Each structure stands twice: as C-alpha cells, then as structure tokens.
Ligand SMILES: CC(C)(COP(=O)(O)OP(=O)(O)OC[C@H]1O[C@@H](n2cnc3c(N)ncnc32)[C@H](O)[C@@H]1OP(=O)(O)O)[C@@H](O)C(=O)NCCC(=O)NCCS
C-alpha cells in the first residue's frame, strides 16, 4: 500500500460470523478520485442481498468518507449477481473488455457510478468509523 495505490480489505460479518470479503481500491486516487471494488461471499451466503449491502458500505466509505468522484466495477459478462449489484446500485454500463477464464477468452462488463447517481440512492443508515484517522495513510489531507 502507498499513497498512489491502496487496497483496503474488509471482512464481511453477519451476526459476528465471517461470510466474505469486500475490498476498495484507489489507484492514483488523489489525482483521479476514482475507486474500484471486488467482493466475494461464501457460496452458502450468496443471493440473500448481502452483496448489495457490502458494496453499499464501501461506496459510502468512498463517496461520503473519502470524497471520491466516481466508482468503477467490472465482472465477467455472465456473472449475473455481480453485474446486478452494480446495476441496482446505480452504476451505468461503461463498455466491455476481455479477460481469460479457465484459459478461454471471456468478455468483461465494465460499470461506472457517478457521484450524482450515488447521491440519488444515498443511504442514511450506514455508519463510518475511524475514517479521519485513516486519511493520512491514503494520501488525503
Ligand atoms: C457477486 C456477489 C458478491 C453478489 O452478492 P450476493 O449476495 O450473491 O448478491 P445479492 O443477493 O445482493 O443480489 C444482488 C442482485 O443480483 C441478483 N442475483 C443474485 N444472484 C443472482 C444469480 N445467480 N443470477 C441472477 N441474478 C442474481 C439478485 O436478485 C439481486 O437483484 P436485485 O438488485 O434486483 O434485488 C456474490 O454472488 C459472490 O460472492 N459471487 C462469487 C464471487 C464473485 O463473483 N465476485 C465478483 C467478482 S467481480
């Protein structure tokens, strides 16, 4: 981790039980104000709405806590759960690119959430704790 590239890893707890992880990445964040994210839930806890909650939480951190301008995300085009989380939370499709999956070329769907779109669905029930103390380590004043 450095001021020009940081990746914050959060453990997702439900009633104290770890069920997955959600990260938040800033690459040249002080220049661009853009974050990206990646999430993973244990198979038995997927499809219950936790994915939307954990993404909402890091978006709140990024846009309310760290003053990000935009958030990006991407997923294999056939990853319906991940793509639906992005669409539901207000991201817009932002083109496609390619990656490989088990050795085969596979399309990636890219997404972009603007601050305006995030404001429209802004949550008032997410509490941020300890953000001010972290800002210097992320290169933020
Ligand atoms: C991606 C992931 C974090 C999403 O979390 P989740 O808890 O399963 O998703 P949610 O229950 O919050 O569902 C979000 C939306 O996707 C829809 N959805 C969930 N699973 C789906 C599926 N298998 N097929 C189609 N739609 C699905 C839900 O109906 C919901 O739609 P809504 O917004 O209209 O209500 C989780 O499925 C996961 O860990 N998958 C494996 C790892 C992975 O693919 N990570 C992302 C890599 S980019």
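Where a number appears in this text, it was derived from the coordinates with a stated rule and is not lab data. For clarity, every value in this text was computed on a predicted model and none was experimentally measured. All Cβ positions, even for glycine, are placed from backbone atoms using ideal geometry, and neighbour counts span all protein chains on display.
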Pairs returned, first residue in segment 32-50 that is touching a residue at least 12 places away in the same chain (Cβ under 8 Å) and closer than 18 Å to residue 110 by Cα, second residue that is within 6 Å of the ligand (Cβ to nearest atom) and outside any strand (DSSP E or B), beta-carbon separation under 8 angstrom, 6 or more apart or interchain, are 39/51; 39/82; 39/85
Of the residues in segment 1-28, those that are more than 20 Å from residue 127 (Cα to Cα) and either out of contact with any strand residue (DSSP E or B) (no Cβ under 7 Å at 6 or more places or on another chain) or near the ligand (Cβ under 8 Å from one of its atoms) (or both) number 4
Taking segment 1-13 and keeping only residues that are assigned to a strand (DSSP E or B) and either free of Cβ contacts under 8 Å to residues at least 60 places away in the same chain or surrounded by fewer than 14 Cβ atoms within 10 Å (Cβ to Cβ) (or both), one is left with 5, 7, 8, 9, 10, 11, 12, 13
